[in-house]
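The values are calculated or read from the model by the stated rules, or taken from the named source; none is laboratory data. Note that the structure is a prediction, hence the values are computed from the model and not measured. Here the Cβ is made from the backbone with ideal geometry for all residues, glycine too, and neighbour counts use every protein chain on show. Just the protein is used for accessible areas: all its heavy atoms, side chains included, with ligands, DNA and RNA removed. Shrake-Rupley method; radii C 1.70, N 1.55, O 1.52, S 1.80 Å.
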Amino acid sequence: TVPGWHLGSGRVQWPRTRNPKGWRLMERLDMARTQVLTLVAVAVLAGCGRREDPDRPDPATPPADLSDRQGALVDEIVFRQEPDPGKIVQLIEAGTHHAFVHGISNPAIFQQMRASRQTAYDESRGTSSELTFNPIGPTFANGDLNPFHVPAIREAMNRLVNRRHVAEEIFGGLAVPRVLPISTGFPDYARLAAEARTLELRYAHDPEAARAVITREMEALGARKVDGVWTYEGRPVEIRLLIRTEDERRRIGDYVANLLEDSGFRTRRLYRVADEASRIWIAGDPARGEWHVYTGGWVALVINRDQAAEFSFYYTPRGRPEPLWQAYTPTEELDTLADRLQRRDYGTWEERQAMMARGLELGLQDSVRIFLVDQLNVWPRHRDLEMAVDLAAGVSGSSLWPYTIRFRDRVGGRVVFGTPQILVEPWNPVAGTNWVFDSMIMRGLTDAPFLPDPYTGLFLPQRVASAELTVQEGVSVLRTHDWLTVETVPEIVVHPDAWLVWDPPTASFVSVGERHPEGLTARTRIRVRYEDGFLERTWHDGSQVSLADLVLPWILAFERTHEQSPLFDRAEVPSFEVYLRHFRGWRIVSRDPLEIEAFSDQIFPDAEWIVAARTPAGSPWHALALGILAEQAGELAFSSDKADQQQVEWTNYIAGPSLRVLDRHLESARARNLVPFGEALAPFLREGEAEARYAALAEWRRARGHFWVNDGPFYLHSVHPVERNVVIRRFEGFQDPSDKWLRFSDPMIPQVEIAGPLMVPADAEATFTVDIRFGGAPYPADDLEAVDYLLFDPEGRLVRRRAADATGPGTWEVRLDPEDIAALGQGACRLEVAVSSRRVAMPTFASHTFATAP
């Protein structure tokens, strides 16, 4: 998950009554209206698929013979900063830009795209918008009061904001109200639909109740209202809102500021673009009190089939190494539960679901951030440009975009991307920028062992020939693809030669046999065979891959969390402690072919995820060495937290003052052929490797002007910080056939409609027909995992969840007996259908409202 996207809103203008019961009825009707409009928006986008001009003729001939092409299908890609989304269609039509790396959720721009004959678009649902709160307190270092130090006030903000208003009025229906820390578009939301709906009703918009809590807690802090304004120690309480300005987030910030002013606070609106805001909320110390609320947002980089780790990420110091996360103080129950879920420390699926449901409750009680909406984003491109787009992450989060980007009618050429921000934070291979705009470029420069299917989120092998997974009996794991095998055994004994830890004081590996002579067991074991020639490949600078590239990153993880190491970084400790609690060792089984074995107690519901999570990816050790040497010398720091703490530069491999520091260490390392932790890495190096590596890196630095080296289908050709441009070019040494990943076409998102009565007498039965199609044809029944319905009474309570009955090709039926109707009572009821497909991981929802009457 990556920061970078946010939203906005204006004043609420919905009718309201002072009668509490009448108000709740109005709220339920409003919620029903919202759900209908939301489902219409989802249906429109789902029905559209990949949209292009229907009158544009198909190319007369396919692209040139791809059998003669290896690697990327275009020659060069330029990323240019363009912060004004209103220019997108104009720039595409003018031919100066081919695509944009941010999704559009502005209704007016969306209509421009649909009207343009040169513009096509793709869709995604993995972007969310939220409010991030500064939890320091009760006062900042400057003495100012921070109301959001109090969990109850943060929790009350869930009821103060009107998510429906944000979704409908700001996004014009191109967003879905979101209350929970799990995405409404991922499988866990459908699995936990009953619990989700209960919490959504509990935290429905209720400003009077929210302000009552705020009043109670502010008075407990010692604040008093004077002439309608909260004061503390004789001064008005001012809330500083850090508001992003590039998109709808500006309006969200203004909307929230209005709500806080109506609640008795003074506000200061700090309008900032991405890089300006980043220096405050990400890189800065929250105790300084520069901000109270930030208009935050996230983009999922893959369809997340298992969101169990979200609680640790969003609510605990284990989430990120930045100073803000290190200030989080969750309750013991939330912290323990989040830790267990992150490690997948549960025995059965039922236990996991119960833990997830409790986590949702505790997360809302903590609310260091509150979610507002999940956006329905459209990603603009020229009609002649194609690429694989992730259903969750869109273009900027797709892992397959660099392998599939191409022009319809030719091979090669130059593509120009527009991006709202670029070079937002320093690039380094350990703890550098996490912004989606920069991360997209990085994925084009990197070749991972596994790549996620953009429609299901299941991992597929890119640099792996085969894999075996062994799981302990009683562990629930599902295998979908046949590139791996799964075996169940009563007990998994960890091989005694497997490395368990790296010991910084002795600079040595410690094996399982040494640490646990009595033996050690694990819940899972993977055995992965990399593709033939894996170690014969080259990095972008021409140096050859070696086993040291797999081993050094693992060593570095231990060095950065050991207090006696000069590389120690306090911000890394919480997340690394989680890793140690489930990691049980790994070893290199053979070098030719390259095979590794890894043991862990951490599980995922999908076997493919377990294998992908445990397989080492590697990083060029000689480039990594320069940052290590600079941090050991106290000149640079990999993470923003340590850089801030030590008052040094945040390590940047591509621009800025860091380059001069890295230059010095390259010269020194090259003169001595220095290898970090050289004695330990020596067995994994080729003869003369250090000399060859540093020579290649020095030439790379001279030619390219930076130190960013990797192995993807593109290499980083040039960086232009002043002009805000980045140029990447096709890596000619990339040996994959160009059509390797071109099999991905339009995602088969189910199109769901419900037909049934609008009025049902209390003594009658009712039958509702569910029609599920794709492209006008019945959706194949074998491709559907589940068709469930949820029935809500007039009070909004969930009274039933069951599977619908299949009645024919593409049709299902929900039949309610007179007893079922009578049990609902009288009023407006709602039937919701949740459809889960094996072809796409995102569930599809449809809704039908009907009234019961005497």
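Data for the structure
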read-out	value
Long-range tail of P(r) for the range 292-353 (Cα pairs > 19 Å, %)	38 percent
Debye intensity ratio I(q)/I(0), log10, the range 628-683, q values 0.19, 0.24, 0.28 Å⁻¹ (C-alpha model)	-0.70, -0.93, -1.08
Label-to-label distance, nm, for residues given as GLU531 and GLU732 (7 Å Cα→Cβ offset)	2.1 nm
Radius, Kirkwood style, for the range 336-482 when every pair of distinct Cα atoms is counted (Å)	19.2 Å
Cα-derived Rg to Rh of the range 197-264, Kirkwood definition	1.05
Per residue value of the accessible surface for the range 662-724 (all protein chains in place, 1.4 Å probe), Å²	48 Å²
Solvent-accessible surface ranking, highest first, for ASP601, ASP438 at 1.4 angstrom	ASP601, ASP438
Cα→Cβ-extended label distance, 7 Å offset, between TYR271 and ALA617, nm	3.8 nm
Between the range 235-271 and the range 765-812, the alpha-carbon center distance in angstrom	43 Å
Cα-based Kirkwood hydrodynamic radius, the chain, one decimal, Å	28.6 Å
Efficiency of FRET from Cβ geometry, GLN646 and GLU813, R₀ 60 Å, rounded to 0.05	0.35
Where GluC sites (Glu not before Pro) fall in DSSP loop in the range 726-816, at most 16 other Cβ within 10 Å	GLU732, GLU765, GLU795
Inter-label distance, nm, simple model (7 Å from Cα along the C-beta direction), ARG660/LEU580	3.9 nm
In Hz, Karplus ³J(HN,Hα) per residue of the range 698-710 (6.51, -1.76, 1.60; θ = phi - 60°; x = Gly, Pro)	4, 5, 4, 4, 5, 7, 9, x, 8, 10, 7, 10, 8
Antiparallel DSSP beta bridges within the chain, percent to nearest 5	80 percent
Computed FRET value (nearest 0.05) for ALA703 with GLU563, which takes r as the C-beta separation and R₀ as 30 Å	0.15
Carbon plus sulfur fraction of accessible area for the chain, probe 1.4 Å, in percent	48 percent
Computed [θ] at 222 nm, deg cm²/dmol, the chain (DSSP H ≥ 4; -39,500 (n - 2.57); rounded to nearest 500)	-9000 deg cm²/dmol
The chain: relative contact order in percent, alpha carbon pairs under 8 Å with at least 6 residues between	16 percent
Protection-proxy order for peptides 356-363, 735-742, each taking the mean of Cβ atoms within 10 Å per residue, highest first	356-363, 735-742
Heavy-atom surface of the range 373-459, accessible at 1.4 Å and reported per residue (Å²)	15 Å²
Per residue solvent-accessible surface (Å²) - the range 461-595, probe of 1.4 Å	44 Å²
Two-site FRET efficiency, ALA465 against ARG686, from Cβ-Cβ distance with R₀ of 35 Å, rounded to 0.05	0.95
Distance from the range 605-623 to the range 130-190 (C-alpha centre basis), Å	33 Å
0 to 90° range, to nearest 10: angle between helix 436-445 axis and the chain longest Cα axis	40 degrees
Solvent accessible area, Å² - ASP335, 1.4 Å probe, full protein context	50 Å²
